[in-house]
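**Q** One structure, pasted below without further comment.
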Amino acid sequence: MVRRILGLLAGLVTAVVVIWVVEYLGHQLFPPSTVMDPDDPASIAAHMDSLPLGALLAVPVAWCLGTFAGVLVAIRLLGGQRLLSAVVVGTVMAVAGAMMLLQISSPSW
């Protein structure tokens, strides 16, 4: 039981770290505007409309790579429970991604 919980936590931590690293690299390639006010939703929306395609793609790529890496780590650590670990890590990351999309204004693709 403890191994299962630690394996799932390791998968989730791996997913978050990979997402952070890829999004950090995206911010290095496409730095955010200094005129954007992070407390003003209208300013964030205007900034999102002015971003290049590469900057917009960095976020979904980060979340896909992070979730994939997290699932791989959880599967590796929980050998016999592959489906369960993949479903749990994938579901938690999907819920976290949905919460992020609801909280931060995003482009409507």
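The values are calculated or read from the model by the stated rules, or taken from the named source; none is laboratory data. Predicted model only: the values in this text are computed from it and were never measured. Counting neighbours? That spans all protein chains shown, and the Cβs are built from the backbone with ideal geometry, glycine included. Just so you know, the surface numbers come from the protein's heavy atoms only, side chains and all, with ligands and any DNA or RNA stripped out. Shrake-Rupley method; radii C 1.70, N 1.55, O 1.52, S 1.80 Å.
**Q** With a 1.4 Å probe and every protein chain left in place, work out the accessible area per residue of the chain in Å², rounded to a whole number.
**A** Value returned for the chain: 67 Å² of accessible area per residue.
**Q** Using θ = phi - 60° and the Karplus form 6.51 cos²θ - 1.76 cosθ + 1.60, what ³J(HN,Hα) does each residue of the range 85-102 get, whole Hz, x for Gly and Pro?
**A** Rounded to whole hertz, the list is 5, 5, 5, 5, 5, x, 5, 4, 5, 5, 5, 5, x, 5, 4, 5, 5, 6.
**Q** On the protein heavy atoms, probe 1.4 angstrom, tell me the percent of accessible surface of the chain carried by carbon and sulfur.
**A** Roughly 73 percent of what the probe reaches on the chain is carbon or sulfur.
**Q** May I pose another question? Sorted by packing (mean other beta-carbon atoms within 10 Å per residue), highest first, where do 2-14, 56-68 land?
**A** Sorting 2-14, 56-68 by mean packing, highest first, produces 56-68, 2-14.
**Q** Now for a separate question. Can you show me the helix-derived [θ] at 222 nm for the chain, built from DSSP H runs with n ≥ 4 at -39,500 (n - 2.57) apiece and divided by the number of residues, rounded to the nearest 500.
**A** -27000 deg cm²/dmol
**Q** Normalised by the residues of the chain, what does the relative contact order come to in percent, with Cα pairs under 8 Å and at least six apart?
**A** Over the chain, the number comes to 40 percent.
**Q** For the range 9-109, just say rounded, prolate or oblate: build the C-alpha gyration tensor, square-root its eigenvalues into a ≥ b ≥ c, call rounded for a/c under 1.5, and beyond that prolate if a/b exceeds b/c, oblate if not.
**A** prolate
**Q** Give the calculated FRET efficiency between R4 and T34 to the nearest 0.05, with a Förster radius of 35 Å applied to their Cβ-Cβ distance.
**A** The formula returns an efficiency of 0.15 here.
**Q** Count charges around L77 for me, please; just the other residues with Cβ under 11 Å from its Cβ, Lys/Arg as +1, Asp/Glu as -1.
**A** Taking every other residue near L77 into account, the sum is +4.
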